[in-house]
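No value in this document is a laboratory result; all are computed from the given coordinates. This one's a predicted model, so the numbers in the text were calculated from it and none came from an experiment. Here the Cβ positions follow ideal geometry from the backbone for every residue, glycine too, while neighbour counts run over all protein chains shown.
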Amino acid sequence: MNQTHNPTEKTEQYKKLVEILQKFSTGMLSTVSKEGLIRSRPMTLVRVTEHADTWFMAAKDSDLMDELTKDPRLNLILQEGGFFMSLSGMAEIVTSKDILEQLWDASAEFWSPQGLNKDDVFLIRMLPFEGQYWDVSGLNRIKFLFEKVIAKVTGSSVNISSIEEHIKL
C-alpha cells in the first residue's frame, strides 16, 4: 500500500475533510452500471488513509467488479450524526494477497467465508479527486438552526456557507 496519491497542498479544509472521513464506517458507493445508470450499494470502509484514499472489500463475482472494470468512476456518500460527505473519484482494483492480508479482519469473512486462501475477494481503493462535506455538529448545528430561523422569518434561502466545504483533492 505504498502507492498513494498525495495532494500537495493540505489546506485546513483538506485536513478537516480527512478528519471527518475517518469518522465513518459505512457509506453508499455509487458506480455506473453496464446500462449507464447510477447504481449505489452500502459498503464498509475498510481503511481511510491520511491522503483520503478509501479502501473497500467485495466479492470478485459481483456486479461491482464488472462495473469498475468497465468504468472506474465512483462516488461515495456518507452520513453519521451531524456529518455529511460526498467524495468523487476513481477506483483502483487491487487483488494483491499482501494487501488483502494487511486489511483482513473478521468482518472480511462475510465476503470470503473460507478466508484468504480462497481467491474470491478483491479490494477497491478509491482515489478521491473532489469532496464536499457538511458539518452540522456541535456549534455548527446551532449556527445552522439559527440560519434556518432567519431564512424563515425573512422569507429568504438558508445560508449554508458556514457548514459546507467543497474541496478539490
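How far is helix 138-154 tilted off the main Cα axis of the chain, in degrees rounded to 10, range 0 to 90? Helix 138-154 and the main axis of the chain meet at about 50 degrees.
Computed from label points 7 Å out along Cα-Cβ, the spacing between Asn159 and Glu50 is 3.7 nm.
Farthest towards the positive end of the charge dipole of the chain, among the residues Trp104, Ile20, Met90, is the Cα of Ile20, using unit charges on the Cβ of Lys, Arg, Asp and Glu.
Expected output is a single nm value to one decimal: the length gained when fully extending between Ser96 and Gln132, i.e. 0.36 nm times separation in residues minus the C-alpha distance. What is it?
On the way: separation 36, 0.36 × 36 = 12.96 nm, distance 3.07 nm.
Between Ser96 and Gln132, full extension yields an extra 9.9 nm.
Across the cross-link table entries Lys10/Lys148; Lys148/Lys168; Lys23/Lys60; Lys16/Lys168, which are compared at the Cα atoms, the separations over 22 Å belong to Lys10/Lys148; Lys148/Lys168; Lys23/Lys60. Axis angle, to the nearest 10 degrees, between helix 12-21 and the longest C-alpha principal axis of the chain: 60 degrees.
Give, in nm to one decimal, the length gained when the segment between Lys148 and Ile38 is fully stretched (0.36 nm per residue of separation minus the Cα-Cα distance). Numbers along the way, then the final one.
On the way: separation 110, 0.36 × 110 = 39.60 nm, distance 3.18 nm.
That pair, Lys148 and Ile38, stretches by 36.4 nm at full extension.
From the coordinates of this entry, Cα Rg over 2.2 N^0.38 Å is computed, and it appears in (i) 1.72; (ii) 1.00; (iii) 1.18 under the label (iii).
Expected output is a single nm value to one decimal: the length gained when fully extending between Lys16 and Asp119, i.e. 0.36 nm times separation in residues minus the C-alpha distance. What is it? Intermediate values should be presented prior to the final figure.
Details: separation 103, 0.36 × 103 = 37.08 nm, distance 3.72 nm.
Difference between extended and current length: 33.4 nm.
Neighbour counts of C-beta atoms inside 10 Å place Met28, Met85, Met65 in the sequence Met28, Met65, Met85, starting with the fewest.
Residues whose amide H comes within less than 5 Å of that of Gly82, counting only those at least five positions distant or on another chain, are absent (H built at 1.01 Å from N in the peptide plane). Taking a point 7 Å out from the Cα of Ser88 in the direction of its Cβ, the residues of region 24-41 whose backbone N falls within less than 14 Å of it are 30-32.
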